[in-house]
1. With label points built 7 Å along Cα→Cβ from the Cα atoms of residue 429 and residue 381, find their separation and express it in nm.
2. Give the average over all directions of the projected area of the C-alpha convex hull of the range 358-477, one decimal, in nm².
3. With 26 Å as the cut-off, how large is the P(r) tail for the range 17-147, expressed as percent of Cα-Cα pairs?
4. I need the semi-axes of the equivalent ellipsoid of the range 148-305: take the C-alpha gyration tensor, multiply each eigenvalue by 5, square-root it, list largest first in whole angstrom.
5. Have a look at the DSSP beta bridges in the chain and tell me what percent are antiparallel, nearest 5.
6. Packing-wise, with mean Cβ within 10 Å as the measure, how do 151-161, 14-24, 444-454, 478-488 rank, highest first?
7. Nearest 10 degrees is fine. How inclined is helix 494-514 to the longest principal axis of the chain, computing both from alpha carbons?
8. Please list the three semi-axes, largest first and in whole Å, of the ellipsoid equivalent to the chain, using sqrt of 5 times the eigenvalues of its alpha carbon gyration tensor.
Amino acid sequence: MPYRLAVTIAGAVSLGSFEAGVLFEVLDALAQHNQAAPPAARIYLDVLTGASAGGMTAAIAAQTMLYSWPALADPYDNPFYNAWVAGVDIKGLLPLAANESAAMSVFSSNFVEGVAEKFLLGRYGHLPPPQAAPHPALNAAGTISLGLALSNLNGVDYERPLLSGGSFNYTRFEDQITFLLGGATDTSAAWTPITQAAVASGAFPFAFRPCDLSRKEQDYTTPFLSAWPQPSRDFTYTDGGVFQNQPIGLAKNLVDGIDQHQDSDTRSYWFISPKALDSSVSPIAASSAVFKPMTDALVNAIFNQAGFQDWIEAETVNDTVNLLNLRAAQLAALLKSGAIQPASLAGVSALLLPQFEAPAQLDAARSQLRQQFAAEYEALASSAGKATADAWIDAILLLELAADLHEKDEMYIYSVMADHRDLAGAGFFSFQGFLDRSFRDHDYDLGRQKAQAFLGDLNRISLHKLPVLEYTPKPIHPVQPTPPGGFTPAAIPQTNREELCGSLASAVDNMLAQMGVGWMVRKGIEVFFVKGKIKKQLGC
């Protein structure tokens, strides 16, 4: 059976150039491999999720895979490189258009929207669009599930019934949007809302203005959604990375709809991020928790906890599933040895299973488990008889239902990341890459370099769960070694740094004015913050 792949792309700001390099290499490798490998060894990419910069990259990857694979022929002239290295620069980001307010954002959101429209709607500038040329890693159905993380500033109301009567009501601000894409969605009408959602996912707070999106009630499939006043509503969104910067859980939800919890051994998740998940432990102590360090510690705790919540969930489920698999193997050994009698085990299961599910659901679950544990089931049936193997399946089902694990699978997650010290654009809160193209070129090539190393060693890294890739990497431009002091703004043209300092000073003044701070106090704060902090960091 061929392998299936879900790719999650983290938020990255200007380090989207690193992720662009990784994505180019991954799609180039999959194309070469699937053209050379036998059907059972091919790898099909059918799920893409992203947050912030990763959301835009995921959308570009989905469209390229579906309709324009030949656009990836040249590593230095393709949608990823042209969008993230050649397309986004401080010269385009800083000048605000006449209809843009300096009181809403530092950078031009119009410019970002223009880049998104060029790479996601440009295909539809002339109708009909060019004939589709699907990527060799597109599945037989010719579809890709795309998920984008969003942060809903308005919030969506939910309510859960309580056993004592009434309900528990709450508002959720973490949000997301999903699309099932294929041949029928090769239209401007289909890709316009995707483009808008990708821009909204990357609307970094204060750097870019928030975005409005129209959502339908059926976008939210939970039974706990509060009643909507009308079928569709407009919400205001900011950067999706605020609450789920690594939306692996979103990828898992999309996978569940495709795989139906079958063949999890041939499903893998590749996580692409420019930076490893470093420790964010705070040094605060109760004796020093005055207002400023307390505020810093709270922001650090809330932001980092939200950012990797999906990782916590994935690893918790993996640990529990692994324990269940161990118990299943131990139970099979006990049945083979005769230490446990199958009739006794079957009697307990027959008594308890109906308390969890109706007969039809139990039969479907048994069938699913017989496929999931096919090799173990056949081995036990051969050595101890079918009745013993069936009793074993019922016992596993009972353990799964009792632990709420029946609809959960182990996730095989592999990552392509870098040390942030080696990234030229990592400085100044990861905005540094926007200041100079040479920094973005460096990070793009570093992404390709890291991806080539990962892909070349994939079989060993995956403990032989994934095949040796049949692919020949294309040459990479020489990657500049990391300077002893790291990549600093000193290498960036002085005019670029000064323009950014001026825009940041204006943004600080606007923010303070909106808060009602008087002119004299504003100037004092600006002297300390802009000139004392920002100018020192940027060297302008």
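The values are calculated or read from the model by the stated rules, or taken from the named source; none is laboratory data. What you are looking at is a predicted structure, and each value in this text was computed from that prediction instead of being measured. Backbone-built Cβ (ideal geometry, glycine too); neighbour counts: all protein chains shown. When the accessible area is computed, the model is the full protein with side chains, heavy atoms only, and any ligands, DNA or RNA have been set aside. Shrake-Rupley method; radii C 1.70, N 1.55, O 1.52, S 1.80 Å.
1. Each label point is offset 7 Å from its Cα along the Cβ direction, giving 6.0 nm.
2. Reported value for the Cα convex hull: 12.9 nm².
3. It works out to 28 percent of all Cα pairs.
4. Taking √(5λ) for each eigenvalue gives 30, 23, 20 Å, largest first.
5. Rounded to the nearest five, the antiparallel share is 50 percent.
6. 14-24, 444-454, 151-161, 478-488
7. 80
8. 45, 29, 24
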